[in-house]
Amino acid sequence: MGLFGRKKRKQAAREQLFAISTARITLQSELNLKPTGSVGVCFKPLSAGEFVRAENELQELLDAVAQESGSKVERKSDDLGFEWLIVRDQDFEDLVATVHLVSSELQARGFGPQLLAAVFPFEGSGFDEKRVYWIYGFKRGTFWPFVPTGEGQERDNPEELELKAKLEKELPIEPDLTRWLALHDAPI
């Protein structure tokens with residue numbers, strides 16, 4: 001507990017993020033799922049006071065990351081008011097490294113508690129929407145699958161559980177299924 005009885009916001013756990021690099025091999029070879037070449041990093045919007053300072057720092061950060069990594073990084077907002085950094089790179093290792101760099105820089109600049117998730121889309125046959133998402137929750141340093149059915153806000157729970165079973169030896173999977181949030185309208 002922090003001052004005045006408020007909970008202290010938890011910092012982001014970033015290091016487990018690299019596990020997706022090795023899991024990609026299983027995703028491609030055994031499940032015929034290929035990375036799309038993009039990842040979305042979602043974070044909470046900033047308060048009005050933080051916004052002015054952060055706006056300049058965030059643009060500075062995006063320019064520096066793009067220059068250092070060679071990845072393309074753009075910023076978007078979704079309909080719920082969350083902010084997204086969309087990272088594009090055809091080299092999956094570079095993509096993961098850039099997402100790590102972005103999250104590290106955000107944390108170093110004091111925005112770690114704002115970090116929510118990194119969303120890794122994969123494409124392949126055998127899924128209703130032809131897309132499967134692996135979502136990395138920064139707060140707990142765990143992954144979970146998200147498989148939309150294409151029917152409104154529905155998700156394919158049996159398929160998600162099957163993906164969990166196939167990758168739980170390679171990825172730190174979120175054990176609490178109630179934390180497996182769906183991101184239907186992620187702008188990636």
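The values are calculated or read from the model by the stated rules, or taken from the named source; none is laboratory data. Everything quoted here is computed from the prediction, not taken from an experiment. Glycine also receives a Cβ, built like all others from the backbone with ideal geometry; neighbour counts cover every protein chain displayed. These accessible areas exclude ligands, DNA and RNA; they are computed on the full protein's heavy atoms, side chains included. Shrake-Rupley method; radii C 1.70, N 1.55, O 1.52, S 1.80 Å.
Here are a few things to note about the model shown:
- Boolean, residue 78 is closer than 16 Å to residue 21 by Cα and of a type in the set (Asp, Glu): no
Let's see how each residue does on (1) closer than 25 Å to residue 114 by Cβ; (2) modelled with pLDDT of 95 or more; (3) outside any loop (DSSP other than H, G, I, E, B):
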| position | (1), (2), (3) |
| --- | --- |
| 11 | yes, no, no |
| 16 | yes, no, yes |
| 20 | yes, yes, yes |
| 41 | yes, no, yes |
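- Among the residues of the stretch 63-94, none is identified as assigned to a helix (DSSP H, G or I) and under 19 Å from residue 46 (Cα atoms).
- Total residues in the stretch 111-135, condition open to solvent by 30 Å² or more (accessible area, probe 1.4 Å) and not hydroxyl-bearing (Ser, Thr, Tyr): 7
- Residue satisfying all of: in the stretch 55-89; open to solvent by less than 70 Å² (accessible area, probe 1.4 Å) and hydroxyl-bearing (Ser, Thr, Tyr); nearest to residue 107 (Cα to Cα) among these: 69
- Among the conditions (1) surrounded by fewer than 22 Cβ atoms within 10 Å (Cβ to Cβ); (2) in contact (Cβ under 8 Å) with a residue 24 or more places away in the chain, residue 108 misses just one, which is (2).
- Number of residues in the stretch 159-170 that are open to solvent by 50 Å² or more (accessible area, probe 1.4 Å) and touching a helix residue (DSSP H, G or I) at 6+ places or on another chain (Cβ under 8 Å) equals 2.
- Scanning the stretch 140-158 for residues that are touching a residue at least 24 places away in the same chain (Cβ under 8 Å) and either open to solvent by 50 Å² or more (accessible area, probe 1.4 Å) or touching a Pro at 6+ places or on another chain (Cβ under 8 Å) (or both) returns 140, 141, 142, 143, 153, 155, 156.
- As a summary of the residue check, residue 111 satisfies the conditions (1) in contact with a Pro (Cβ under 9 Å, 6 or more places away or on another chain); (2) aromatic (Phe, Trp, Tyr); (3) under 26 Å from residue 45 (Cα atoms) except for the one numbered (1).
- Of the residues in the stretch 171-180, at least one is buried (at least 16 other Cβ atoms within 10 Å of the Cβ) and under 13 Å from the mean Cα position of the chain (by Cα).
- So residue 103, is it over 19 Å from residue 181 (Cα atoms), open to solvent by 10 Å² or more (accessible area, probe 1.4 Å) and either in contact with a strand residue (DSSP E or B) (Cβ under 9 Å, 6 or more places away or on another chain) or not aliphatic (A, V, I, L, M) (or both): no
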